[in-house]
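Down below is the structure, laid out as structure tokens.
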Amino acid sequence: MKNTKLPTASKVTVVRQLCNYIPIHLVPRLARETGVDKKARTFDEWSHIVSLCYAQVTHSIGLNDVCDALQLNSGPLSAIRGATPPTRNNLSHANKVRDAVMAEKLFWAVFEHLGQVAPEFFSGKAGKRFARKFKRTIHVVDSTTIELIATCMDWAKHRRRKAAAKCHLRLDLQSFLPRFAIIDTAREADAKRAREVCAGIKDGEIVIFDKAYVDFDHLWNLAQRGVFWVTRAKENLQYKVVASDTVKAGGKIVADELIELKNAGSQNAHPGLMRRVVAWVEVDGKERLMTFLTNQLTWSAKSIAELYQCRWRIEVFFKQIKQTLQLADFLGTSANAVRWQIWTALLVYLLLRYLAFLSNWAHSFSRLFAIVRTCLWRKWDLLDLLARYGTAGSSFRYRARPEQAFFPGFI
């Protein structure tokens, strides 16, 4: 049967169209600023970026996987602004000695560029169905641990037999895009990174984080800056109830109180009042009793609980990047090589999300990733390809059948 849904032909490959969203002047400029250009001879910095992006999109599991594939496609590769295929030694050496600060700066430079080209990309509707009543920017702060191999990555050891890197991230709930990130070893406690991650939050905005980021001195600093915060209370919190609001018997809200900290050290760090809300919250289909803290004294207790429920969206973000992009098999064992790969993963995620925005993609991120990955060297119009596959609804339901409720051979 003839396929009538073939996308429009293009003069360039899909992988070239993806790389073209990186402005042509950025990589050479950042290479000069970071000194990477002085360490690039036969394998230039642009070829390095293209190779790492290709490794992310194709889920390459090793240096040979990347190098062999690019050498076999050296012709179409050279059309991507003269990129050249690396050898195993060249790619390994580049990941080890070229400063990964360039990858970090490239991500934020492309982020800023796309924001200027399409401002509506950053004011998206990704989070509005989760926090419709809030007309201000909502930030979610959390971290994710990326497991590494302890036997060959001693620099990342955080337990006796475990090694890991950690990504501390601030996610904009409205656009579902990262606004700040720190990549370090897993030894660093979350609370120690809280000030850095929240430094860019402006007056009147909201930040949500879990109890691992609770630092009373930092919470008071946020309140003094006019930032509203919502978090969970630790079990050993020592406090005194100053005032209590009546709550409906049998409802989701169990308690709504104004409290002050009882411990002298905690009171010095946070001398003002804070609000304590105890509510039943549904987690994984089960009701759990949770205690929240906030410096917002006027919103309803239900709104506070709903705000904290929005925090689970950052777990979805971490799931997307860890299950689709290549953050399991690393192309190098040094700290610098790991940072190169993680920042490149975030860059590819940004480019794919931008493609989803341009094509009005209505399906999951994993399906978008799969479609782009399977046709990298095809000469198809990428936006037309995604538009054709994205026209159907974003959710599908299958009609249940009685026999699906039984195991074969069992009554």
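Restricting the stretch 311-331 to residues that are farther than 12 Å from Asp142 by Cα and open to solvent by less than 50 Å² (accessible area, probe 1.4 Å) leaves a set whose member that is farthest from the chain's Cα centre (by Cα) is Leu331. Can you spot a residue in the stretch 114-123 that is closer than 29 Å to Tyr308 by Cβ and at pLDDT 95 or above? Taking every residue of the stretch 114-123 in turn, none turns out to be closer than 29 Å to Tyr308 by Cβ and at pLDDT 95 or above. Screening the candidates Ser303, Ser266 for the property of being open to solvent by less than 70 Å² (accessible area, probe 1.4 Å), outside any strand (DSSP E or B) and within 16 Å of Phe134 (Cβ to Cβ) yields one hit, Ser303. Would it be correct to say that Leu368 is touching a helix residue (DSSP H, G or I) at 6+ places or on another chain (Cβ under 6 Å), modelled with pLDDT of 85 or more and buried (at least 19 other Cβ atoms within 10 Å of the Cβ)? So Leu368 passes the test. Note on the stretch 328-385: residues that are assigned to a loop (DSSP other than H, G, I, E, B) and polar (S, T, N, Q) total 5. The set of residues in the stretch 49-90 that are within 18 Å of Arg373 (Cβ to Cβ), over 30 Å from the mean Cα position of the chain (by Cα) and aliphatic (A, V, I, L, M) contains only Leu72.
Check every one of the helices (runs of 4 or more DSSP H) wholly within the stretch 1-96 and list those with 2 or more residues that are in contact with a helix residue (DSSP H, G or I) (Cβ under 7 Å, 6 or more places away or on another chain) and modelled with pLDDT of 95 or more. The qualifying helices (runs of 4 or more DSSP H) are 14-19, 26-34, 45-58, 63-72.
Scan the stretch 246-255 and give yes if some residue there is without any contact (Cβ under 8 Å) to a residue 60 or more places away in the chain, among the small types (Gly, Ala, Ser), in a loop (DSSP other than H, G, I, E, B) and open to solvent by 70 Å² or more (accessible area, probe 1.4 Å), otherwise no. The answer is yes; a qualifying residue exists.
Beta carbons closer than 8 Å, at least 6 apart along the sequence or on distinct chains, pair a first residue in the stretch 217-241 that is within 16 Å of Gly200 (Cα to Cα) and touching a residue at least 24 places away in the same chain (Cβ under 8 Å) with a second that is open to solvent by less than 10 Å² (accessible area, probe 1.4 Å) and in a helix (DSSP H, G or I) for His218/Ala194; Trp229/Leu219; Trp229/Leu222. Per the conditions (1) farther than 30 Å from Arg88 by Cα; (2) of a type outside the set (Lys, Arg); (3) crowded, with 17+ Cβ neighbours inside 10 Å, the sole criterion not satisfied by Leu297 is (3).
Just to be sure before I move on: is Ala69 closer than 27 Å to Leu355 by Cα and either open to solvent by 10 Å² or more (accessible area, probe 1.4 Å) or without any contact (Cβ under 8 Å) to a residue 60 or more places away in the chain (or both) in the structure I sent? When the stated conditions are applied, Ala69 passes them. In summary, Arg41 fulfils each of the numbered conditions (1) surrounded by 12 or more Cβ atoms within 10 Å (Cβ to Cβ); (2) over 23 Å from Trp377 (Cβ atoms) with the single exception of condition (1).
Residues are listed down the side, and each one gets a yes or a no for (1) under 27 Å from the mean Cα position of the chain (by Cα); (2) surrounded by fewer than 18 Cβ atoms within 10 Å (Cβ to Cβ); (3) more than 16 Å from Val140 (Cα to Cα); (4) not charged (D, E, K, R):
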| position | (1), (2), (3), (4) |
| --- | --- |
| Lys202 | yes, yes, no, no |
| Val214 | yes, no, no, yes |
| Arg225 | yes, yes, yes, no |
| Arg232 | yes, no, no, no |
| Gln238 | no, yes, yes, yes |
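The values are calculated or read from the model by the stated rules, or taken from the named source; none is laboratory data. All values derive from a computational prediction rather than experimental measurement. A quick note on method: Cβ atoms are made from the backbone with ideal geometry, for glycine too, and the neighbour counts reach across all protein chains shown. These accessible areas exclude ligands, DNA and RNA; they are computed on the full protein's heavy atoms, side chains included. Shrake-Rupley method; radii C 1.70, N 1.55, O 1.52, S 1.80 Å.
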